[in-house]
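Worksheet for the structure shown next.
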């Protein structure tokens, strides 16, 4: 009998101990006042189970900009050719002439018409114009003439050698563009020596038909 009572007492004590443990665990579960669980993470102000908003920086978007049409490079302004001479028509003794004034050194003259060359040398001796004379101390003034099928075109430059240099010989047949003579230095036409000391021209030109009628030589000189 005594052994039965002891056994019942032991069972009762075990039940009480188990109930206490279960009661403590319940408080641990319900109220969180039990012993800390190994490996438990400290409380945080943010619930890690909720998605966290991560700030995202806006990626700059490439904006297509319509390219302005390329402006064409400004074309270089065309430079007008330098004016090498001026041409002035005048009349003397009832006939028409053209006075050429050079504006550049080394001005050359070429044949504007085809034909045969006639060269005559003149000198001014004792106030008279003479052809065929030969006074070495006096300058010679050439007349260069192109005789074509229907006209005579005559040039009267300055003194031979010092002012004008011939490029053709008497009797030569020339075509358009063949060189006739060039001005090697400043000096006025023989016109200033023979007829009018005030004439400023470097070359005096005349154009006539074979019958002697005046034509306009300006058609061959554009003043350039």
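Tell me whether region 136-145 contains one or more residues that are over 17 Å from residue 221 (Cβ atoms), within 41 Å of the chain's Cα centre (by Cα), surrounded by 19 or more Cβ atoms within 10 Å (Cβ to Cβ) and in the same structural domain as residue 192 (by TED's automatic domain parsing). Within region 136-145, not a single residue is over 17 Å from residue 221 (Cβ atoms), within 41 Å of the chain's Cα centre (by Cα), surrounded by 19 or more Cβ atoms within 10 Å (Cβ to Cβ) and in the same structural domain as residue 192 (by TED's automatic domain parsing). Scanning region 146-160 for residues that are in a loop (DSSP other than H, G, I, E, B) and surrounded by 14 or more Cβ atoms within 10 Å (Cβ to Cβ) yields 148, 157, 158, 159. When residues in region 161-180 are screened for being more than 14 Å from residue 109 (Cβ to Cβ) and either buried (at least 16 other Cβ atoms within 10 Å of the Cβ) or touching a residue at least 40 places away in the same chain (Cβ under 8 Å) (or both), 6 of them pass. Here is a check on your reading of the model: is residue 196 over 18 Å from residue 102 (Cα atoms), touching a residue at least 60 places away in the same chain (Cβ under 8 Å) and in a loop (DSSP other than H, G, I, E, B)? For residue 196, the condition - over 18 Å from residue 102 (Cα atoms), touching a residue at least 60 places away in the same chain (Cβ under 8 Å) and in a loop (DSSP other than H, G, I, E, B) - is met.
Looking across region 193-209, the residues that are surrounded by 16 or more Cβ atoms within 10 Å (Cβ to Cβ) and within 16 Å of residue 87 (Cα to Cα) come down to 199, 201, 202, 203, 204, 205, 206, 207.
The values are calculated or read from the model by the stated rules, or taken from the named source; none is laboratory data. Please read all numbers here as calculations on a predicted model, not as lab measurements. In this analysis, Cβ positions are derived from the backbone assuming ideal geometry, glycine residues included, and neighbour counts consider all displayed protein chains.
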